[in-house]
Each structure stands twice: as structure tokens, then as C-alpha cells.
Amino acid sequence: MSDTQRYCRKCLLQDQAEDARGDLNRYLDAIHPEDKADEVLYFKRLEVCRQCELLGGDATCAACGCYVEFRAILARGKCPKSYWK
Ligand code: SF4
């Protein structure tokens, strides 16, 4: 990320610079397919996170400290505030 690039408060890793997206994709690829939420559920969860007051500018959740994309991809993942399941 360059010093002049700025991101909105609601950015997820997928919205950020190539290196952040690369880390995200490597992590997601390493999860066994059976442990992943399906794509529709994953993106539905992330839309809830985008609207949440607890989403930080570093793409982490202020309630649990996790990167929300890493939490939302897990089939058994849960929002710490029960905003999504
Ligand atoms: S995981 Fe839940 S509490 Fe955290 S940012 Fe997403 S919706 Fe908000």
C-alpha cells in the first residue's frame, strides 16, 4: 500500500492492496473445503460486517480482534455479537 492510498473505515482485506488480498487468499485457500461456508453465506456475512459499527479500519472486529473475513469463511464461524451465524 502506498503512503497516499487511503481506505474507508469499512474496508475489508478484499478491498485493500494486493499484498493484503494475497494474504487473505492464501489463508482462504488453506482451509479445507468442508470447513468453509458456502460463497453466498460468506458474502452475506461480510455485508453484515460492512454495516457494523465494530468493524475497524484494519478489517478486524473490535469485539473479538479477528479479521472478519477469516471468521466469516468458516462454516462454523459465528459473530461474537450474534449479528450473523
Ligand atoms: S463479526 Fe459481528 S461484531 Fe464483528 S464486525 Fe462483523 S458483524 Fe460486527
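The values are calculated or read from the model by the stated rules, or taken from the named source; none is laboratory data. All figures in this text were calculated on a predicted structure; none of them were measured in a lab. Reconstructed Cβ throughout: ideal geometry from the backbone, glycine too, with neighbour counts over all protein chains shown. Just so you know, the surface numbers come from the protein's heavy atoms only, side chains and all, with ligands and any DNA or RNA stripped out. Shrake-Rupley method; radii C 1.70, N 1.55, O 1.52, S 1.80 Å.
Contact annotation: residue pairs with Cβ atoms under 8 Å, 6 or more positions apart or on different chains, pairing a residue in the stretch 56-82 that is within 11 Å of residue 37 (Cα to Cα) and more than 7 Å from the ligand (Cβ to nearest atom) with a partner that is in a strand (DSSP E or B) and modelled with pLDDT of 95 or more, are 73/36; 74/36; 75/36.
Which residue pairs have Cβ atoms closer than 8 Å, lie 6 or more positions apart in sequence or on different chains, and pair a first residue in the stretch 1-24 that is over 24 Å from residue 48 (Cα atoms) and open to solvent by 30 Å² or more (accessible area, probe 1.4 Å) with a second residue that is assigned to a helix (DSSP H, G or I) and modelled with pLDDT of 60 or more? From the stretch 1-24, the pairs are 1/19; 1/20.
Go through the stretch 37-50 residue by residue and tally those that are loosely packed, with under 11 Cβ neighbours inside 10 Å and either under 17 Å from residue 24 (Cα atoms) or within 8 Å of the ligand (Cβ to nearest atom) (or both). Of the residues in the stretch 37-50, 2 are loosely packed, with under 11 Cβ neighbours inside 10 Å and either under 17 Å from residue 24 (Cα atoms) or within 8 Å of the ligand (Cβ to nearest atom) (or both).
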